[in-house]
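A short worksheet on the structure shown next.
The values are calculated or read from the model by the stated rules, or taken from the named source; none is laboratory data. A quick note: this is a predicted structure, and the numbers were derived from the prediction, not measured. Backbone-built Cβ (ideal geometry, glycine too); neighbour counts: all protein chains shown. What goes into the accessible areas is simple: the full protein's heavy atoms, side chains included, and nothing from ligands, DNA or RNA. Shrake-Rupley method; radii C 1.70, N 1.55, O 1.52, S 1.80 Å.
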Amino acid sequence: QVQFVESGGGLVQAGGTLRLSCAGPAEALSFNDIGWYRQAPGLQRELVAQITTTSITRYADSVKGRFTISRDNVKNTVFLQMNSLKPEDTAVYYCHRIHFTDNWGQGTQVTVSS
């Protein structure tokens, strides 16, 4: 079981930017595909971005062109750069290994005001 620590959330106005960070054990971050997920109140958790061990990325249509996922294996961190934020991006954001049943971390709250 691996649990990551998410940080970087906050309150921003629509159109603003935030950069989220996901930290964890080196062997877990560097040797696995990692996803950023989000869960808004009353909704199911959804996968918004993922990155493979070879840095191939995929995005949900709702964030494509606005969010960028990246990884720094030296710093054992995966990032989510979020630009042109919209109120509908408001959610708690989590990172997690793809296809694993690890515990979920506490996440980081992102709130976008209109």
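For the stretch 69-82, which residues satisfy the criterion of being farther than 14 Å from Ile34 by Cβ and open to solvent by 40 Å² or more (accessible area, probe 1.4 Å)?
Initially, the stretch 69-82 is screened for residues farther than 14 Å from Ile34 by Cβ, giving 74, 81-82.
Correct list: Val74, Gln81.
Looking only at the stretch 100-114, which residues are under 12 Å from Gln39 (Cβ atoms), part of a strand (DSSP E or B) and open to solvent by 20 Å² or more (accessible area, probe 1.4 Å)?
Within the stretch 100-114, just Gln109 meets the criteria.
Of everything in the stretch 10-34, what is open to solvent by 30 Å² or more (accessible area, probe 1.4 Å) and in a loop (DSSP other than H, G, I, E, B)? Give them in sequence order.
Within the stretch 10-34, Ala14, Gly15, Thr17, Pro25, Phe31, Asp33 qualify.
Criterion first (surrounded by 21 or more Cβ atoms within 10 Å (Cβ to Cβ) and either in contact with a helix residue (DSSP H, G or I) (Cβ under 6 Å, 6 or more places away or on another chain) or in a loop (DSSP other than H, G, I, E, B) (or both)) does Leu85 satisfy it?
Details: surrounded by 21 or more Cβ atoms within 10 Å (Cβ to Cβ): yes; either in contact with a helix residue (DSSP H, G or I) (Cβ under 6 Å, 6 or more places away or on another chain) or in a loop (DSSP other than H, G, I, E, B) (or both): yes.
Judged against the criteria, Leu85 is a match.
Which one is farthest from Gln13 (Cα to Cα) among residues in the stretch 48-61 that are open to solvent by 60 Å² or more (accessible area, probe 1.4 Å) and at pLDDT 95 or above?
So in the stretch 48-61, the residues open to solvent by 60 Å² or more (accessible area, probe 1.4 Å) come out as 53-56, 58, 61.
Now drop any that are not at pLDDT 95 or above, which leaves 56, 58, 61.
Details: Ile56: 30, Arg58: 26, Asp61: 22 Å.
Among residues in the stretch 48-61 that are open to solvent by 60 Å² or more (accessible area, probe 1.4 Å) and at pLDDT 95 or above, the one farthest from Gln13 (Cα to Cα) is Ile56.
Need pairs with beta-carbon distance below 8 Å; first residue in contact (Cβ under 8 Å) with a residue 60 or more places away in the chain and within the stretch 17-31, second among the hydroxyl-bearing types (Ser, Thr, Tyr); sequence gap 6+ or separate chains.
Thr17/Ser84; Leu20/Ser7; Leu20/Tyr93; Leu20/Thr108; Cys22/Thr77
Can you name the residue in the stretch 88-99 that is among the hydroxyl-bearing types (Ser, Thr, Tyr) and closer than 20 Å to Gly24 by Cβ and, of all such residues, is most open to solvent (accessible area, probe 1.4 Å)? Show your work before the answer.
Filtering the stretch 88-99 for residues among the hydroxyl-bearing types (Ser, Thr, Tyr) gives 90, 93-94.
Those still in the list that are closer than 20 Å to Gly24 by Cβ too: 93-94.
On the way: Tyr93: 0, Tyr94: 28 Å².
If we take residues in the stretch 88-99 being among the hydroxyl-bearing types (Ser, Thr, Tyr) and closer than 20 Å to Gly24 by Cβ, then Tyr94 is most open to solvent (accessible area, probe 1.4 Å).
Arg66 passes all but one of (1) open to solvent by 50 Å² or more (accessible area, probe 1.4 Å); (2) over 11 Å from the mean Cα position of the chain (by Cα); which number fails?
In the conditions (1) open to solvent by 50 Å² or more (accessible area, probe 1.4 Å); (2) over 11 Å from the mean Cα position of the chain (by Cα), Arg66 misses (1) alone.
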